[in-house]
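Read through the structure below, which is laid out as structure tokens, and then see the notes.
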Amino acid sequence: MVSGGSAGHEPVTDGQTLADLLRELQAARPDADIALVSKAYLTAESCHRGQLRKSGDPYITHPLAVALILVGMGADDQTLCAGLLHDVLHDTACTEAELQAEFGLDIAGLVRQASGLNPTDDQGAAAMTAMAAGDGDKRVLLIKIADRLHNLRTVGHLPAARQVDSSLQTLQVQVPIARALGADAIGRELADRASTVLKRHHQAPPSASGRMLCASAVLLPRAVRARWREEWLAELDLLPTRKARAVFAVQVARGIARLAVTLYASERSPGG
Amino acid sequence: MGKEQRATPRAAPRMTLQTQLVLRAMLAEPAAESYGLQLCAETGLPAGTIYPILARLEQAGWVRSNWEDPCAHVAEGRPRRRYYLLTNDGAEQARSAIERADRARVKLRSAGLRAGAPGVSW
């Protein structure tokens, strides 16, 4: 129990409040079940009370933001409620049975499924990709995508390594899923934010060897340049010393003409 | 409208000694993916030799390449790798190409010994 504050049951959340959510929801969908969504918010707020985000904001700011994103994605009432409650099973004492009793099987099931998909482990990411391609409740994926989007919007509060991991994964897992779900605007924002984070972290001054590799790649056909550049920079990353990296870059530069000849030839050949 | 060069879009790669080294390294564990730097270490060949060979093998259809599964590199917090794997057809062709090269070498060697025998007295 941390200071509950005396601001009543509607804490200020990064400027956004339950009132904002309800207003946007009514504007988007006049027939929305305001009572149900409000109840989900209040339940989440009470479960997470005392918990803070890395940013120092009350934790409820996160599910609230996720729900606002979901409104924009055209989610139904059940999905919105599950979005508001998506972290209560993981991070609070709330149980699935309690959710079932309060909100019914549908919402409780969505929350359970969303909690079960941990995108930071292999299985979770693979399962999400499989769900997007096959059967399974797409509403769970909407929640996961909205969750990732808000996490990326506030990623600055995480350690650098987590920022990079999360951004890389976003480009490889969540962006394609967002596109597969037809959420193009969300996919674009995810991709833009992830790319910006990655750029920011690669801006640690590129090493001389890295610059040399990038310069070498300019000699390759435009269509495949990025691939080889990325491949080499990844290999460079594995080399332990500056000298080893320099040797690698020089060797690649020496072979660049042969590689270019091969690649230009395969561009011309119908089989390539 | 000459004849389209459709007949041999996938000509077999030239069996240089370096190419043989790369193929031998990959054939040691044909189902395992390798990346460029690993093949440099396994063959002792410089990077500038490895990548053009891999590109030629890929062009010939003996090898295919793909980006590493995100889960692996994300967990290790490093950039994704490009992995190379012998295709089924490629593994077969590589095996027989290496056998041919070995036979040719043995033949040469024995021919050389016979021819060279008198030379020993020099």
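Okay, here's what the table says:
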quantity: Evaluated over the range A:119-205, the Cα radius of gyration and Dmax, each in Å; calculated: 12.8, 45
quantity: For the range A:35-186: relative contact order, % (alpha-carbon pairs under 8 angstrom, 6 or more apart); calculated: 22
quantity: Dipole moment magnitude, nearest 20 debye, the range A:119-205 about Cα centre, only Lys, Arg, Asp, Glu C-beta charged; calculated: 320
quantity: FRET efficiency, residue A:261 to residue A:226 (Cβ-Cβ, R0 25 Å, nearest 0.05); calculated: 0.80
quantity: Label point distance in nm, residue B:17-residue A:16, each placed 7 Å from Cα along Cα→Cβ; calculated: 6.6
quantity: Percent RCO, i.e. relative contact order, over the range A:143-229, from Cα pairs under 8 Å lying at least 6 residues apart; calculated: 26
quantity: Acute angle (nearest 10 degrees) that the helix A:61-72 long axis makes with the longest principal axis of chain A, alpha-carbon atoms; calculated: 80
quantity: If the convex hull is drawn through the Cα atoms of the range A:206-264, its volume per residue in Å³; calculated: 64
quantity: For chain A, alpha-carbon Rg over 2.2 N^0.38 Å; calculated: 1.26
quantity: Cβ-derived FRET efficiency at R0 30 Å, residue A:268 paired with residue A:215, nearest 0.05; calculated: 0.75
quantity: Surface share of carbon and sulfur [accessible, 1.4 angstrom probe, percent] for chain A; calculated: 54
quantity: Rounded Å value of the spacing that divides the Cα centres of the range B:26-87 and the range A:101-169; calculated: 31
quantity: Nitroxide proxy distance, nm - points 7 Å out along Cα→Cβ at residue A:153 and residue B:78; calculated: 3.6
quantity: Value of relative contact order over the range A:1-116, rounded to a whole percent, pairs C-alpha under 8 Å and six or more apart; calculated: 25
quantity: Pairwise FRET efficiency - residue A:192 versus residue B:31, Cβ, R0 = 35 Å, nearest 0.05; calculated: 0.35
quantity: Folded to 0 to 90 degrees: helix A:18-28 orientation relative to chain A principal axis, Cα; calculated: 80
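The values are calculated or read from the model by the stated rules, or taken from the named source; none is laboratory data. Keep in mind that what you see is a predicted model, and the values were worked out from it rather than measured. Note: ideal-geometry Cβ built from the backbone for every residue, glycine included; neighbour counts use all protein chains shown. All accessible areas refer to the heavy atoms of the entire protein, side chains included, with ligands and DNA or RNA removed. Shrake-Rupley method; radii C 1.70, N 1.55, O 1.52, S 1.80 Å.
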